[in-house]
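Asker: Shown below is the structure under consideration.
The values are calculated or read from the model by the stated rules, or taken from the named source; none is laboratory data. Model, not experiment: these values are computed from the prediction. So basically every Cβ, Gly included, is an ideal-geometry build from the backbone, and we count neighbours across all protein chains shown. Side chains are part of the model used for accessible areas, which takes the heavy atoms of the whole protein and leaves out ligands, DNA and RNA. Shrake-Rupley method; radii C 1.70, N 1.55, O 1.52, S 1.80 Å.
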Amino acid sequence: MSDIVLSVQGLSISYLTARGRLRAVNGVSFDLHQGETLALIGESGCGKSTLNLGVMQLLPRTALVDAGKVIYTPRGGQPIDALKLKGSALRRFRWAECSMVFQAALNSLNPVIRVRDMVYDTARAHGENDMRRIKARALELFKMVRLDPDRVFDAYPHQLSGGMRQRVLIALSVLLNPQVVLLDEPTTAVDILTQRTIIDVLKTLRRELGISLIFISHDLSIAAEMADTVATMYAGDLVEIGTVNEMFYRPAHAYTLGLLNAVPRLSADREALNSIPGSPPDMIDAPSGCKFHPRCSFATEICQTSVPKLEVLNRDGAAHWAACHHSDQVRLSAQEVLADDHAAD
Amino acid sequence: MTVSSSPLASDSPRGLRGTLRRIIRSYAFRVIAQGLFTIWAVTTFTFILIRQMPGNPIQIRISQIIQAQNVTYEEALAQAAGLFDFDPNAPLIVQYVDYVSKVVRGDLGESITSAGTPVLGQIMRFLPWTLFSIGLGLLFSFTIGILVGIAMAYWRGSLFDNVMTIIASITFSIPNYLIALLIILVLGVQLQLFSVGQLRGAVDTDIPPGFTPEYIGSLLEHAFLPVVTYISATVGGWMLTMKSSTLSTLGEEYVTAARARGLRSWRILTAYVGRNAMLPLVTQLAVSIGFVIGGSVIIEVIFVYPGLGGLLSAAIANRDYTTMQGVFLIIAFAVVVANTLADVLYGILDPRIRIGEEKRTR
């Protein structure tokens, strides 16, 4: 396809720790199309945030990119490898092409300067000198994310609530009209009503600006609502990726199914929540074969010895890949759960 | 649904009572009130201390007068009372009120040992030199410490960082009077880089005062050794504190966010890292001013520099209690002023401190 804006190809990232190398992202590949929203789901520590930071070359000093490419295609330009960018080219790529909304919204704004200075800093760093124009743009964006533009523009971060700061960050992320925005759990730290506002704001921005989003979330319901494509990560591996309907109605990896079963349902009054037993593996000394096998109810001998490959499931239907030896059984089991749900309705 | 229900705009107080309340709640008022309270407490404390000291200074003075001038006790007492500028037989509370009311009017009494010399005049003669040398020392030490500290944090683990950490730890752990003695011994006596004798005093008395290069040069030359001592005794502390403060700031999300926004490194260094990392040091600066003034007593004696420290040590040696009282008061006053300035500076650097005021003014 020609409308791919961001193509992550075999990206591997390790952290150097006192105990040895920790593979936080392990040969991850996916394509992000223009206007597409990709949701990355998975437990804490599975490498989602590291992947995002890696794309922006914002990894801490202890992290190393071992392999892989991040091919970015600018508007009307030739594809470039974003990981090879350096110096001022890297500075220009950041924010003007690909921006980011950080996880810790409360902490992502410099406490000692006003919001307007952060807006101006960002614009100036990208060669924009017409501050009147930038101010007008910022105020328009603040209005779009449902903030009181004039008050927020002149405020210090501590004068804004958590939800307001989160929306300031979202507005700031599209200030320079980037093609891709990476969102790291944009709704985690805010209450349920603010969550709703933020989701609506993101949908509006996506519709009106035509940006592509990579959306990290623990919250499957939000992923279901926002995403076109969903990708599951486990212990640094991308284990399943597919369209949102395929992933939620016909999951083919035992881990994805486990995540889905762990979500409370309105209709399910019959049983307690099924959490996934055990905890994520030690990533320095990972289990052999499929890394999920010690926690998996479908696991057999082959899962302990052979690493499953990401394989295409529907040859002619909607896009769907999974890396599971027992994807057929998982799908059957998923059908049963869904049928139960329908019966309960 | 615009979020405009601002808590800031509500309950704006009106009228005279409102204005009064606003003043009382304001940041500046709080700072000044705290400062005045501290000065009052020190004044009271010195007053009590002088009267509780073993060997009542008045009695000592009286017996000195009796011995020296061969007069009766009553005459000596009258003389001593004249020197002390208060009636030692009056009730303590009357003495206290008398003393405080004089201090408020700027009258610190007269020196006991050299009669007829007002203490305030003495202090005003010596204070500028102390302020000059300490101010210069702290200014350099703070600036150098902050710049080197940031550099150490940016290049942590490098040779520069390691060497600087060692230097800082060593200089910071040597007491300032030892550094002063080492400077005289090594640079002055052994290497003969300067003549110790010539650098006595604050300035070369042969040069006429004025804004001439010679005079200013001589001022700096004479202040050089004390200033170098102050710098080397404190700069290590600034370097190490600034390094650790910068390191923790570098880990903050807003610094990563600033990098993600593609900001130039210089802007990130100054407005995002430097300014936040400096905040804890500003408070420390105020505290250290007190310490340095206290420490200057010995340094000024060692270098024979005519500052407040020299005056105080002479007063202590001669049991000149009024002068001691005055010097203590001035030191306390200087520390309070420095603290207030640091508080105001902190308020400028960190908007979160100004909350109380901001709420009212917006």
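Asker: Give A:211, A:216, A:222, A:241 a once-over and let me know the one that is more than 22 Å from residue A:72 (Cα to Cα) and either modelled with pLDDT under 90 or not assigned by TED's automatic domain parsing to the domain that holds residue A:298 (or both).
Answerer: Exactly one residue qualifies, and that residue is A:222.
Asker: Given the criterion under 29 Å from residue B:162 (Cα atoms), open to solvent by 40 Å² or more (accessible area, probe 1.4 Å) and either assigned to a helix (DSSP H, G or I) or within 14 Å of chain A (Cβ to nearest Cβ) (or both), identify the matching residue among B:255, B:227, B:186, B:273.
Answerer: Criteria check complete, one pass: B:186.
Asker: How many residues does the range A:180-216 contain that are touching a residue at least 12 places away in the same chain (Cβ under 8 Å) and either of a type in the set (A, V, I, L, M) or touching a Pro at 6+ places or on another chain (Cβ under 8 Å) (or both)?
Answerer: 17
Asker: Answer yes or no: is there a residue in the range A:105-124 that is buried (at least 22 other Cβ atoms within 10 Å of the Cβ), at the interface with another protein chain (Cβ under 10 Å from one of its Cβ atoms) and within 17 Å of the chain's Cα centre (by Cα).
Answerer: Yes: one or more hits.
Asker: Let me ask something additional. What number of residues within the range B:237-252 satisfy the criterion of being facing another protein chain (nearest Cβ under 9 Å) and either among the aromatic types (Phe, Trp, Tyr) or open to solvent by less than 10 Å² (accessible area, probe 1.4 Å) (or both)?
Answerer: Matching residues across the range B:237-252 total 0.
Asker: Does the range A:94-104 include one or more residues that are farther than 21 Å from residue A:227 by Cα, part of a loop (DSSP other than H, G, I, E, B) and facing chain B (nearest Cβ under 8 Å)?
Answerer: For the range A:94-104, residues farther than 21 Å from residue A:227 by Cα, part of a loop (DSSP other than H, G, I, E, B) and facing chain B (nearest Cβ under 8 Å): present.
Asker: Among the residues of the range B:258-267, what is the count of those that are hydrophobic (A, V, I, L, M, F, W, C), at the interface with chain A (Cβ under 9 Å from one of its Cβ atoms) and part of a helix (DSSP H, G or I)?
Answerer: 2
Asker: Restricting to the range A:47-70, what's the tally of residues that are farther than 26 Å from residue A:211 by Cα and either not acidic (Asp, Glu) or not in a strand (DSSP E or B) (or both)?
Answerer: 7
Asker: Can I ask one more? Looking only at the range A:155-173, decide whether some residue is open to solvent by 10 Å² or more (accessible area, probe 1.4 Å), basic (Lys, Arg) and in contact with a strand residue (DSSP E or B) (Cβ under 6 Å, 6 or more places away or on another chain).
Answerer: For the range A:155-173, residues open to solvent by 10 Å² or more (accessible area, probe 1.4 Å), basic (Lys, Arg) and in contact with a strand residue (DSSP E or B) (Cβ under 6 Å, 6 or more places away or on another chain): present.
Asker: Just the residues that are within 30 Å of residue B:255 (Cα to Cα) and either hydroxyl-bearing (Ser, Thr, Tyr) or at pLDDT below 90 (or both), please, taken from the range B:118-171.
Answerer: B:141, B:143, B:154, B:158, B:165, B:169
Asker: Which of the residues belonging to the range A:125-145 are assigned to a helix (DSSP H, G or I) and at the interface with another protein chain (Cβ under 10 Å from one of its Cβ atoms)?
Answerer: Scanning the range A:125-145 gives A:125, A:142, A:143.
Asker: Next up: I need the full set of residues from the range A:46-85 which are over 15 Å from residue A:8 (Cα atoms), more than 13 Å from every other protein chain (Cβ to nearest Cβ) and either among the acidic types (Asp, Glu) or open to solvent by 60 Å² or more (accessible area, probe 1.4 Å) (or both), in order please.
Answerer: Hits for the range A:46-85 are A:64, A:75, A:76, A:78.
Asker: Across the range B:145-176, which residue is farthest from the chain's Cα centre (by Cα) among those that are polar (S, T, N, Q) and farther than 17 Å from residue B:231 by Cβ?
Answerer: B:158
Asker: Let me ask something else. Just checking, how many residues over the range A:180-205 are of a type in the set (S, T, N, Q) and open to solvent by less than 10 Å² (accessible area, probe 1.4 Å)?
Answerer: 1
Asker: Evaluate the following for residue A:16: is it of a type outside the set (Ser, Thr, Tyr), away from chain B (no Cβ under 14 Å) and assigned to a strand (DSSP E or B)?
Answerer: no
Asker: Pairs only if they're at least six apart or on different chains, beta carbon under 8 angstrom, first in the range A:146-164 and within 8 Å of another protein chain (Cβ to nearest Cβ) and touching a residue at least 40 places away in the same chain (Cβ under 8 Å), second among the basic types (Lys, Arg) and surrounded by 23 or more Cβ atoms within 10 Å (Cβ to Cβ); list them, first residue then second.
Answerer: Close Cβ pairs satisfying both conditions: A:146/A:167.
Asker: OK, next. Looking only at the range B:282-314, count how many residues are part of a helix (DSSP H, G or I), touching a residue at least 60 places away in the same chain (Cβ under 8 Å) and away from every other protein chain (no Cβ under 14 Å).
Answerer: Residues in the range B:282-314 being part of a helix (DSSP H, G or I), touching a residue at least 60 places away in the same chain (Cβ under 8 Å) and away from every other protein chain (no Cβ under 14 Å): 16 in total.
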